[in-house]
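Input: a single structure, listed below in structure tokens.
The values are calculated or read from the model by the stated rules, or taken from the named source; none is laboratory data. All values reported here derive from a predicted model rather than from experimental measurement. What goes into the accessible areas is simple: the full protein's heavy atoms, side chains included, and nothing from ligands, DNA or RNA. Shrake-Rupley method; radii C 1.70, N 1.55, O 1.52, S 1.80 Å.
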Amino acid sequence: PTPELVLQGTTAAGGSYSFTTNTGYFIYTPPLGDAGTQTFTFMASNSTGVTTQQVSVSVAAATAPVFDTLGTQYATTGVSTVFFVSASGTPAPVLALAETTATSGYTFSPDAGRLNYTPPTNDVGTQTFTFTASNLAGMVTQIVSVVVSHVPATAPVIDSIPNQATIVGLELNYTVTA
């Protein structure tokens with residue numbers, strides 16, 4: 001005969017699991033307080049007998065996110081600059097760009113932690129980018145400063161002109177470039 005399945009007992013927090021007796025389908029989502037080992041005792045019975053089995057589930061503790069250190073970054077107007085932010089934690093934290101003082105020219109890829117920034121001329125000075133890293137154990141913030149300077153001005157330079165020769169009465173043609 002087909003056995004009847006029952007979840008007989010558990011050490012897990014109430015509301016963190018479900019068990020469907022007619023299919024045997026079991027779901028467990030450990031809350032923060034269930035770190036350690038939790039046990040589940042299942043029972044199967046029919047007219048010929050009863051059997052039980054205890055299953056242990058090791059639950060790793062969640063750890064709050066921590067950003068890897070990233071110092072001041074430097075950028076030049078009109079020139080693309082890339083930097084990466086990263087954080088550790090369990091489960092892996094989700095990164096986000098929360099806010100910035102930059103006016104435009106930036107994109108952030110959270111999955112890679114990659115910020116691409118091409119500062120416009122009105123962003124000269126220090127701009128900040130505020131990132132968050134979050135998981136079920138918490139959220140932390142990191143502010144990255146980017147010092148933006150103008151493209152350096154360069155004095156004009158005349159391309160080298162080799163010495164020339166001509167004869168009286170003949171026209172000398174030459175193009176000077178800089």
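A few points about this structure:
- Per residue, the range 1-85 exposes 62 Å² of accessible surface when a 1.4 Å probe is rolled over the protein heavy atoms with every protein chain present.
- Per-residue HN-Hα couplings for the range 57-70 [Karplus 6.51, -1.76, 1.60; θ = phi - 60°; Hz; x = Gly/Pro]: 10, 8, 10, 6, 6, 6, 10, 4, x, 9, 6, 6, 5, 9
- Extension gain (nm, one decimal) between Ala62 and Val176, 0.36 nm per residue minus Cα-Cα: 34.0 nm
- Ligands, DNA and RNA left out, the 1.4 Å accessible surface of the range 77-156 is 58% carbon and sulfur atoms.
- Label selected from [x] 21.4; [y] 22.7; [z] 18.2, the criterion being Kirkwood radius over Cα pairs in Å as computed here: [y]
- Database remark: amide H of Thr63 closer than 5 angstrom to the amide H of Thr90 (H placed geometrically; neighbours at sequence offset of 5 or more, or on other chains; Pro and chain starts carry no H).
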